[in-house]
1. Could you give the length gained on full extension between residue 130 and residue 165, defined as 0.36 nm per residue of separation minus the Cα-Cα distance, in nm?
2. Sorting check: for 149-161, 177-189, which peptide has the highest mean count of neighbouring beta carbons within 10 Å, and how do the rest follow?
3. Would you kindly state how much longer the chain becomes between residue 96 and residue 189 on full extension, computed as 0.36 nm times their sequence separation minus their alpha carbon distance, in nm to one decimal?
4. Applying a 10 Å radius around every beta-carbon, put 93-99, 122-128 in order of their mean neighbour count, most first.
5. For residue 105 and residue 152, what does the FRET efficiency come to when R0 = 25 Å and r is the distance between their Cβ atoms, rounded to the nearest 0.05?
6. Relative contact order of the stretch 124-166, please, whole-number percent, based on alpha carbon pairs below 8 angstrom and at least 6 residues apart.
7. Given axes a ≥ b ≥ c from the Cα gyration tensor, I'd like to know whether the stretch 100-179 is rounded (a/c under 1.5), prolate (a/b larger than b/c) or oblate.
8. Give the distance, in whole Å, between the Cα centre of the stretch 164-197 and the Cα centre of the stretch 134-154.
């Protein structure tokens, strides 16, 4: 029988990967390069919109209100004349009030025309209205402008009535001093048109 001699010590378990790497380094072998992960391009973060600056509390309280537009004065249209303000305290006051009154009352109503004077005779109308205001409400008297044959005149009227019949009935009840100049009924529409002459 042939003699059997063991060739050497039995092989041990395989070395670990780390041990093999250390062995390779010791033997001068270069370690394999690590595989770099591909770079991922990141989208830039959206820019944040800064909120508007908050003014101090005092500035908010003291902020100026927007200026209001001042309407331009209404110019009379072609063919219309702006009535002239007559002299005399009572005449002037009633004339100014009558300008608004003519545009606010129904044109189909009537008033009692009391007298007509030229611009040079306004003192006569002033005295007439002073005396008439002592027996009838002053706010019921109306003074308006009228041109007669191109001459500036002014008329005084009294009251406001819805019909000719009621105007005539009121004329009969007037105090005697108001009947001196032969009163006559006059429509508001006619008064307004004469006032613009």
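1. Details: separation 35, 0.36 × 35 = 12.60 nm, distance 2.82 nm.
Answer, rounded to one decimal: 9.8 nm.
2. 149-161, 177-189
3. Here the segment from residue 96 to residue 189 would lengthen by 31.7 nm.
4. 93-99, 122-128
5. The value I calculate is 0.55.
6. Rounded, it is 29 percent for the stretch 124-166.
7. Because a/c hits 1.5 or more and a/b fails to exceed b/c, the stretch 100-179 counts as oblate.
8. 11 Å
FYI, it's all coordinate maths here, none of it is from the lab. Keep in mind that this is a model prediction, so the values were computed, not measured. Cβ atoms come from the backbone with ideal geometry, glycine included; neighbour counts cover every protein chain shown.
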